[in-house]
Amino acid sequence: MEALLACLAGCTSYDVVSTLKKKRQDISGYWVEVEGERAKEPPEVFTKIWIKYIVRGKEVSKEAVERSIQLSMEKFCSVAAMVKKTAEIRTSYKIMPESSTSHF
């Protein structure tokens, strides 16, 4: 089940980073955190999933990040398309300035 979350994170990450590059966003770092809640009864499928995107860069547009996530979740990520048939997927993001010394 953890592998499924990792696949979801990888699939949506590819989409988001690719879309941000197409939107000419100057990103220098990227991280995604994902966690899920499973049903109590077998087969214990995921019922809720939270994905947090962390983007580091110089003057990264929040609108570009929001749209990139939306496109991934609604159009491009095939793993999300399958998983959202049984689980509610919630997303959030954080943009860190280039000068930030925080590590992911």
Report task. Restrict the check to region 61-79 and report whether at least one residue is closer than 15 Å to Met1 by Cβ and within 11 Å of the chain's Cα centre (by Cα). Result -> no
Query raised in the report: In region 34-56, how many residues are assigned to a strand (DSSP E or B) and not aliphatic (A, V, I, L, M)?
Result: 11
Requested in this report: Name the one entry in Lys84, Lys94 that is more than 17 Å from Glu2 (Cα to Cα) and not aliphatic (A, V, I, L, M).
Outcome: Lys94
Query raised in the report: From the list Lys84, Lys58, Lys23, Lys48, which one is closer than 23 Å to Pro97 by Cα, without any contact (Cβ under 8 Å) to a residue 60 or more places away in the chain and surrounded by 13 or more Cβ atoms within 10 Å (Cβ to Cβ)?
Result: Lys23
Query raised in the report: Just one of the numbered conditions (1) under 21 Å from Met96 (Cα atoms); (2) surrounded by fewer than 19 Cβ atoms within 10 Å (Cβ to Cβ); (3) small (Gly, Ala, Ser); (4) more than 9 Å from the chain's Cα centre (by Cα) is not true of Ala39; which one?
Result: (1)
Report task. Being within 10 Å of the chain's Cα centre (by Cα) and among the hydroxyl-bearing types (Ser, Thr, Tyr) is the filter; apply it to region 1-20 and report the residue that is surrounded by the fewest Cβ atoms within 10 Å (Cβ to Cβ). Result -> Tyr14
Report summary line: Per the filter on region 34-43, residues of a type in the set (D, E, K, R) and free of Cβ contacts under 8 Å to residues at least 24 places away in the same chain are Glu37, Lys40, Glu41
Query raised in the report: Which of the residues that make up region 61-81 are touching a residue at least 60 places away in the same chain (Cβ under 8 Å), among the hydrophobic types (A, V, I, L, M, F, W, C) and in a helix (DSSP H, G or I)?
Result: Met73, Phe76, Val79, Ala80
Report task. Take the residues in region 63-98 that are under 15 Å from Tyr30 (Cα atoms), of a type in the set (D, E, K, R) and touching a Lys or Arg at 6+ places or on another chain (Cβ under 9 Å), then tell me which one is modelled with the lowest pLDDT. Result -> Glu98
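The values are calculated or read from the model by the stated rules, or taken from the named source; none is laboratory data. Remember, predicted model here, so these are calculated numbers, not experimental data. A quick note on method: Cβ atoms are made from the backbone with ideal geometry, for glycine too, and the neighbour counts reach across all protein chains shown.
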